[in-house]
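Q: I have a structure I would like to understand better, so I am pasting it below and will then ask my questions one at a time.
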Amino acid sequence: MPTNLTEAESLKLKVLEDLTAQKIKTKQASKILCLSTRQVRRLKNNFEVDGPRSIIHRLKGKVGNHKIDDAIKNKVIETIREKYSDFKPTFATEKLQEKQIPAPTSQTVRVWMAEAGLWKTHKQKQVEYRSWRPRKDHYGEFQQFDGSYHLWFEHRYKDRNNESIEVCLLASIDDATGKITYASFEENEGIIAVFNFWKTYVLALGKPLIVYLDKFSTYKINHKGAVDNKDLITQFEWALNSLNIQLIHAHSAQAKGRVERLFGTLQDRLIKEMRLAEINNPEDGNRFLKEVFIPKFNQKFTVVPKCEGDVHRTLSSNEVNKLNSIFSVHEQRKIKNDFTIQFDNNFYQLEEIQLTTIRPKEIVTIEIWLDKTIHIILKDFELNYFLIKGRPEKVKRTPTILTNHTLNYVPPNNHPWRKAGRAAIEEKQLKADISNLV
């Protein structure tokens, strides 16, 4: 009599014993065991030949026919321990396959890594219910954008004090396809870095219809007074509005979950890929992103959009010409009485000859381009200026306006100014003559 029978095996043994003793019929046995009568007859024939041992699977307690050789398992675990000890099972399996090391499925590797202490299983967290939002239809219709500060180069990128430097990775992901459209390592998530990102993006891919991002101060004025005042917008909002790109601000991190999950994946895969490729600084990292990682990532994870076609809009010639101005920091200053402008602890003297008439106290726009050059704009005209070293001295007499001709301009004889002057002189002389006659 076999021991350690399971509940199902014990039931099968009892039914076959009753069937053999003719206590029940074949149809009754088939109902109890939930088997067909043909299967019950086969079990009965085997039971009459081999007895109770026939109900136990012949491989029970033996090595399975599909068991993986221990040599392969040991080689996989040894390789993971040496090179991929902090890799997750799925990513570790991919790297093993790239190295032509025979490896089973990622599920089996997960079990092996857990047995070897290289992976700790996690219980599923209870999550708050949120409704599912379907993907957009077209590529280029909806871009999720964000930045992530992290030790992307681990402890290989350090400052002068030998301290590891956190770098900000800016990235956008297409909602319809899950494709990384562009990514770049920057020092921070400030306006200059973001302008560099989107200027490169629109030149390479065109203008997306919608950009979806959070309420970071670079992207949105979070002051309570800005709720009802639509004029209070950031430099970034003004730039994208100029290109007719719609901005939508997410109210929570979960709302832009696609880009948040992307950073979670990149903080695992990208860091380890750069470690294996010996990438140690942002410059090499940006080149690695463009040439190696993003094409490989998109090939593996991109999904087919609901509708074919790219809805990115091409920049017009006028937009291309104004792109440097659009992606620049704008400040406003007032022209002083001596036609100087003070900005950032510097003084700029406007030249005498300009393309438009300029008067003191007028407000000009100062554009700081991404190449750090200064451009002074008034009435859509760029003004000519030169930098003054030190604070200018006050003078007693200054011109009242700047115009498009020299200040020693002499009007011709038929000029209206001269006609009015001659008429006044003639009228005065006529009055004097009349008074003399009287």
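Q: If one takes the longest principal axis of the Cα atoms in the chain, at what angle in degrees, from 0 to 90 and to the nearest 10, does the Cα axis of helix 191-205 lie?
A: Once rounded, one gets 70 degrees.
Q: Let me ask something else. Projected onto the charge dipole of the chain (+1 at Lys/Arg Cβ, -1 at Asp/Glu Cβ, origin at the Cα centre), which of THR365, THR37, GLN124 gives the Cα projection farthest towards the positive end?
A: Sorting the options by dipole projection puts first THR37.
Q: Same structure again: Arrange the peptides 37-48, 153-164, 134-145 so that the one whose residues have, on average, the most other Cβ atoms within 10 Å appears first.
A: Descending mean neighbour count gives 134-145, 37-48, 153-164.
Q: Select from VAL49, GLY64, TYR139 the residue farthest towards the positive end of the dipole of the range 1-146; place +1 on Cβ of Lys and Arg, -1 on Cβ of Asp and Glu, and compute about the Cα centre.
A: So the residue furthest toward the plus end is VAL49.
Q: For LEU355 and GLU319, FRET efficiency with R0 = 30 Å and r from the beta-carbon atoms, rounded to 0.05?
A: After rounding, the FRET efficiency stands at 0.85.
Q: For the chain, with only Lys/Arg (+1) and Asp/Glu (-1) charged at the beta-carbon, what is the dipole magnitude about the Cα centre, in debye rounded to 20?
A: Details: 70 positive and 55 negative charges, 425 e Å.
Taking the Cα centre of the chain as origin, the dipole is about 2040 debye.
Q: Follow-up. Extending each Cα 7 Å along its Cβ direction at THR26 and ASN414, get the distance between those two points in nm, one decimal.
A: The answer from the label model is 12.8 nm.
Q: Subtracting the Cα-Cα distance from 0.36 nm times the residue separation, let me have the gained length for ARG422 to VAL329 in nm, one decimal.
A: Values: separation 93, 0.36 × 93 = 33.48 nm, distance 5.26 nm.
Full extension of this stretch gives 28.2 nm more.
Q: Report the gain in length on full extension from ASN281 to LYS379: 0.36 nm times residue separation, minus Cα-Cα distance, nm rounded to one decimal.
A: That works out to 30.9 nm of additional length.
Q: Based on the alpha-carbon gyration tensor of the range 7-55 and its eigenvalue square roots a ≥ b ≥ c, which shape applies: rounded if a/c is under 1.5, prolate if not and a/b is larger than b/c, or oblate?
A: On the way: a/c = 1.35, a/b = 1.22, b/c = 1.11.
Cα axes put the range 7-55 in the rounded bin.
Q: Considering all projection directions equally, how large on average is the shadow of the alpha-carbon convex hull of the chain, in square nanometres?
A: Taking a quarter of the hull surface, the average projection is 42.4 nm².
Q: So, R0 is 25 Å and r is the distance between the beta-carbons of LYS123 and HIS150; what FRET efficiency does that work out to, to 0.05?
A: After rounding to 0.05, the efficiency reads 0.45.
Q: Now a separate question. Using alpha carbons only, how many angstrom separate the centre of the range 75-147 from the centre of the range 263-325?
A: Measuring centre to centre over Cα atoms gives 21 Å.
Q: What's the extension gain from THR365 to GLN267 if we count 0.36 nm per residue and subtract their Cα-Cα distance?
A: Here the segment from THR365 to GLN267 would lengthen by 31.2 nm.
No value in this document is a laboratory result; all are computed from the given coordinates. Please read these numbers as outputs of a predicted model, since none were measured by experiment. Neighbour counts are summed over all protein chains in view; Cβ atoms, including those assigned to glycine, are modelled from backbone coordinates with ideal geometry.
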